[in-house]
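Worksheet for the structure shown next.
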Amino acid sequence: MSTSRFLNFSVLLTVPLFFWSCQEEVKTYRLIYSPDEPLGEIAKTIKHVIEKDSENIKIELIIGEGSVANMDSLVSGKVDFSILENHMPFSEELSSLLPLYPQILHIFYHAEEEITDFKELIYGKRIFIGIEGSGTHKFMMDLFQFYEMDPGRFTITEDAFDNDVYCGFTDIIKPEYLSGFDGFRIFSFDNHEKYGQGSIAEGISLRYPQIKPFIIPEKTYGKMSVKPILTLATDAVFVANNSVPDDVTYAITKKMFHFSQEFAEISPLIFIDMKEDFERGALNYPLANGSRIYLDRDEPGFIERYAEVTGLFLSIGLALISAIISVSRWRKQAKKDRVDIFYAELMGIKKKIPETQSINEARTLLNQIKTTQDKAFEMLIDEKLIADESFRIYMELSKETIQEVKSRAQQIAKSV
């Protein structure tokens, strides 16, 4: 047996042996979830599957108050697991076990004629965007900002039934629930034929990478979808606090895939999406180490796969390593220096906020921020910048600066 194969075998053998050695100690882990379906049914199925034939792992289910509060509980260590939308804010305290299914953004609106413009859809209307603290509420507020909308021209309501527009990230809606939307239409962000050709849905996805375009096929909702609907979606991901041991995340991931058919019965989207070959790079939270070990259990090592050619290229590779490293460091430093320029521009704008005395001055600052954001995205597309942590921090800082300018503008408006 080769050294590489022996090491892989040892790692995989250690996990179940350690798991077996702790059998007599029963450990209870807490899973917090939002009560909306199918999340409630998924959470109960996770508990059932994990506890099946297991004597030392128990799951306590806790009903949360929305995605934001659930994430706070998970980050603080008050709970161990949750099901979160993939577009929730990044945290170094969290890891992903696996994506469960895509949550589709459904926007229902009451109108006699089809509406194709988002601002026309929203302005002058009563809008339900989920309870405050939910994943839908958070994203829709981001979407209003993306469209540069005036919040004074529409009303956000907490009533899910008495409204002109209903917005929600949901599973495919069952026919028996569609009766609640009699007289409504489903909003499409663009003509579905523009998908792949620069549609607005792709523009939104570029600004919010964890959100992806999604096409609801024709006739999915009968007369409400007589043609394909281009909308957005985000993955519902099973997430753990990093304090959960690797052997536990390994065992749970193994069980969930082993009994995946029990989840597939909940929703056709789970059946389609819950696969072992999912795109790991799309996860907002990195893959848990135990999950990675399980998913890579059958992968041969690099040396095993390329043993015959490794010797041939080894000498050439060693000679090129130092040159490649030098070039790579130079390129990364050049891109970092470019990000620093945007930081400097943003800090200059922040210094001007307290000195702003008029609405026009505030509007000028907002335009300056938008211009720098657009320039940054253009450079990102041209690969003159990299979407690393520095770029992420710049985008978050620019959002905070926009809010500071708007707050200053409100103060000026009140003083007039």
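Remarks
- Selection of first residues in the range 62-80 that are under 10 Å from ARG30 (Cβ atoms) and among the acidic types (Asp, Glu) and of second residues that are open to solvent by less than 30 Å² (accessible area, probe 1.4 Å) and in a strand (DSSP E or B), restricted to Cβ pairs under 8 Å at least 6 apart or on distinct chains, gives the following pairs, ordered by first then second residue: ASP80/TYR29; ASP80/LEU31; ASP80/ALA240; ASP80/ASN241.
- The condition of being within 23 Å of the chain's Cα centre (by Cα) and of a type in the set (Lys, Arg) holds for only one of LYS399, LYS384, LYS375, LYS370, that being LYS399.
- GLU93 being more than 22 Å from the chain's Cα centre (by Cα) and not basic (Lys, Arg): no
- SER134 being at pLDDT 95 or above, open to solvent by less than 60 Å² (accessible area, probe 1.4 Å) and of a type outside the set (Lys, Arg): no
- Given (1) farther than 15 Å from PHE118 by Cα; (2) outside any helix (DSSP H, G or I); (3) in contact with a strand residue (DSSP E or B) (Cβ under 9 Å, 6 or more places away or on another chain), index of the condition GLY133 fails: (3)
- Residue check, VAL68 surrounded by 15 or more Cβ atoms within 10 Å (Cβ to Cβ), at pLDDT 80 or above, farther than 29 Å from GLU265 by Cβ and of a type in the set (A, V, I, L, M): yes
- For the range 201-218, the set of residues classified as open to solvent by less than 50 Å² (accessible area, probe 1.4 Å) and of a type in the set (A, V, I, L, M) consists of ALA201, ILE204, ILE211, ILE216, listed by residue number.
- Residue in the range 387-403 that is modelled with the lowest pLDDT, counting only those that are open to solvent by 70 Å² or more (accessible area, probe 1.4 Å) and charged (D, E, K, R): GLU389
- Some residue of the range 356-363 being farther than 17 Å from LEU346 by Cα, of a type outside the set (S, T, N, Q) and open to solvent by 60 Å² or more (accessible area, probe 1.4 Å): yes
The values are calculated or read from the model by the stated rules, or taken from the named source; none is laboratory data. Nothing here was measured: the structure is a model prediction, and the numbers come from that model. Virtual Cβ from ideal backbone geometry, glycine too; neighbours counted across all protein chains shown. The area values use the complete protein model at the heavy-atom level, side chains included, leaving out ligands, DNA and RNA. Shrake-Rupley method; radii C 1.70, N 1.55, O 1.52, S 1.80 Å.
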